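Colleague: What follows is a structure written as structure tokens; I'll ask about it next.
Please treat every number below as a calculation from the coordinates, not as lab data. Note that this is a predicted model, so its numbers are computed, not measured. Ideal geometry is used to build each Cβ from the backbone, glycine not excepted, and the neighbour counts take in all protein chains shown.
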Amino acid sequence: MRTVFAGGRGAYASLAFGIAVTLLVGWELARGSSRSSQGTQNRLSPAAAEPGPGVRLPPFSPAGEAFSLRRINDLHTDIRKRPRVSILEYSVQPGDTAWSIAEKFSLQPETILWGNEGLSAEAGSLQIGQALNILPVDGVLYTVQEGDTLERLQALYDVPAEVILEFPGNGLDAHQSVELTPGQHLIIPGAVKSVAWVEPGPPVLAGMGRRSPGFYSGPLVYFGSGFFQWPVSPVRLTQSYWSGHPGIDLDTYLRQPVFSSDSGTVIFSEWDSTGYGNLVIIDHGNGFWTYYAHNEANLVRPGDGVLQGQQIAESGSTGNSTGEHLDFRIRLDGGAFLNPLDFLP
């Protein structure tokens with residue numbers, strides 16, 4: 001007895017046909033996927049696949065279509081600033097100091113003096129409306145004298161002749177023999193000079209301290225603690241301590257109260273003829289003196305004892321000043337002026 005498959009040969013044929021169709025469909029799908037991948041690659045060049053600055057890739061669309069590239073509009077262009085090599089002219093404004101002007105041009109305050117020969121003799125001689133030379137770099141503006149050479153300037157300022165020669169602002173030709181002309185101005189980059197300034201109040205004679213002429217020399221009334229407080233409030237610094245200004249300037253309004261920074265005895269309180277206007281000097285009896293300059297009015301007299309925080313003056317802009325402020329200084333033993341910022345809270 002034989003067992004016969006129910007479908008017979010027709011069933012085998014149908015099964016074979018189905019397998020063939022399945023294989024064919026899978027092959028076509030694979031081909032289509034390859035075409036799609038290749039098309040996407042053709043649309044996206046290798047450079048586009050790695051977007052650079054200013055390029056943003058949008059996401060795929062909801063339908064799954066490949067994205068396209070768009071460049072973002074960037075209206076900003078970075079332009080590298082070239083260093084300034086020429087001299088600028090600046091007109092002094094109300095409230096200006098050598099320090100504040102130097103801050104505006106990223107220079108050292110000494111450079112403001114050394115770029116203007118008339119200022120070199122006194123750091124505090126600014127006048128409103130005065131025209132100043134602003135050098136492009138820290139250094140000295142030099143006026144050539146008869147017989148000057150680059151080698152002589154090198155010896156004078158300890159700056160290599162090549163530095164002077166090659167500085168673009170001097171307009172010298174490094175490939176030719178250079179002869180300097182009297183009256184010619186040269187920028188000496190990095191050069192330094194001494195800075196002179198006038199001492200406030202009567203001169204302190206060596207070894208005499210407050211017994212020098214012009215100071216009250218009687219008995220002291222109060223003695224200081226050695227701890228100082230700000231002489232005005234609120235506090236806004238307009239000039240710091242530097243070689244041409246051994247003190248600090250504090251912004252004030254007209255007739256703002258000025259207070260004693262520590263207890264002591266007034267040893268000077270009158271008009272100062274050297275440019276500091278109405279000036280008060282206090283001896284604290286412990287080696288320290290404090291100075292309060294450019295006041296509109298002094299409210300104490302020599303010999304008066306004052307306590308820390310007591311009002312001694314009304315602020316102003318007397319003497320050589322470009323605006324209301326207090327010039328405050330701390331001196332040790334009638335000698336060196338110290339940086340007040342090292343002592344104030």
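Colleague: Could you work out the Rg to Rh ratio of segment 88-189, with Rh taken as the Kirkwood radius (inverse of the mean 1/r over all Cα pairs)?
Modeller: Working: Rg = 14.6 Å, Rh = 14.5 Å.
Reported Rg/Rh (Cα atoms, Kirkwood Rh): 1.01.
Colleague: By count of other Cβ within 10 Å, fewest leading, how are Ser217, Ser194 ordered?
Modeller: Ser194, Ser217
Colleague: Please give me the summed charge of the neighbours of Ser240: other residues whose Cβ is under 15 Å from its Cβ, Lys and Arg +1, Asp and Glu -1.
Modeller: -4
Colleague: Considering Cα pairs under 8 angstrom that are at least six residues apart, work out the relative contact order of segment 88-189 and quote it in whole percent.
Modeller: Rounded, it is 27 percent for segment 88-189.
Colleague: Another one. Find the Cα radius of gyration of segment 157-300, compare it with 2.2 N^0.38 Å by division, and give the number to two decimals.
Modeller: In units of the globular-protein estimate, segment 157-300 measures up at 1.56.
Colleague: How do 308-314, 127-133 rank on mean C-beta neighbours within 10 Å, highest first?
Modeller: Ranked from most to least packed, the peptides come out as 308-314, 127-133.
Colleague: I would also like to ask the following. Arg84 to Gln127: extension gain in nm, 0.36 nm per residue of separation minus the Cα-Cα distance? The partial results should precede the final answer.
Modeller: On the way: separation 43, 0.36 × 43 = 15.48 nm, distance 2.60 nm.
Contour length minus the Cα-Cα distance gives 12.9 nm.
Colleague: Mind ranking 90-96, 284-290 by how tightly packed they are, going by the mean number of other C-beta atoms within 10 angstrom, highest first? Can you show the working numbers first?
Modeller: Values: 90-96: 15.4, 284-290: 19.9.
Ranking the peptides 90-96, 284-290 by packing returns 284-290, 90-96.
Colleague: So, one more: Which value in nm describes the separation of the simple spin-label points at Ala161 and Ser233, placed 7 Å from the Cα toward the beta carbon?
Modeller: Using points 7 Å along Cα→Cβ, the separation is 6.2 nm.
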